[in-house]
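Report on the structure given below.
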């Protein structure tokens, strides 16, 4: 595959929040998982498992759990200055997450932390790369990202829905996920109702350094504050119902 084709997929991938209810093509789920299983993992641990959920009743129960989770998010997010809040929470408790419920497929990405023992044991004892559990999370994130890119290559939309500890035990019970495993992400997949405009990205010249860190590109606390303010303004298109 040539770089031009690859970068087109990367640039055109979007986080889709509203889906057409119709089905996706036969074989699409298997193609996405085929791509995801080739993700990098320490020691080739491959801790990931994928549950494709099509049953509307089960999907609604997952949506209800995410809505409940979102309430916890709002309790914390509202402690910020309003202008710095995530755009979905500018007007209060977000209802934007309900929009993904029309996706014909939810791919629930689970992982088995025990498999990470395939890598060197030092990753479990030293705070390298984010802490002992970070090694597992990075493995899972690698597979999740590739699954999103595979969806984009098939002309499908997808969304990254994180799952936190406030609802994970009940989602595991709903899907009969063994206690040893963790639920990492829910990925709704389907045809988008509309495709958002290209998203903002910092330019290569702003983030690339040669030989050593270029201190002329260092961002102060004020720079980061103003950067987040500008991000919030750019994100309003993703949450038009919130503005």
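Results, tabulated for the structure shown:
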{"item": "Of the criteria (1) free of Cβ contacts under 8 Å to residues at least 60 places away in the same chain; (2) out of contact with any strand residue (DSSP E or B) (no Cβ under 9 Å at 6 or more places or on another chain); (3) in a helix (DSSP H, G or I), which one residue 141 fails", "result": "(2)"}
{"item": "Only one of 16, 67, 29, 51 that is surrounded by 13 or more Cβ atoms within 10 Å (Cβ to Cβ), within 30 Å of residue 231 (Cα to Cα) and in contact (Cβ under 8 Å) with a residue 40 or more places away in the chain", "result": "16"}
{"item": "Meets criteria (surrounded by 16 or more Cβ atoms within 10 Å (Cβ to Cβ), assigned to a helix (DSSP H, G or I), over 19 Å from the mean Cα position of the chain (by Cα) and at pLDDT 90 or above) for residue 115", "result": "yes"}
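The values are calculated or read from the model by the stated rules, or taken from the named source; none is laboratory data. This one's a predicted model, so the numbers in the text were calculated from it and none came from an experiment. Neighbour counts are summed over all protein chains in view; Cβ atoms, including those assigned to glycine, are modelled from backbone coordinates with ideal geometry.
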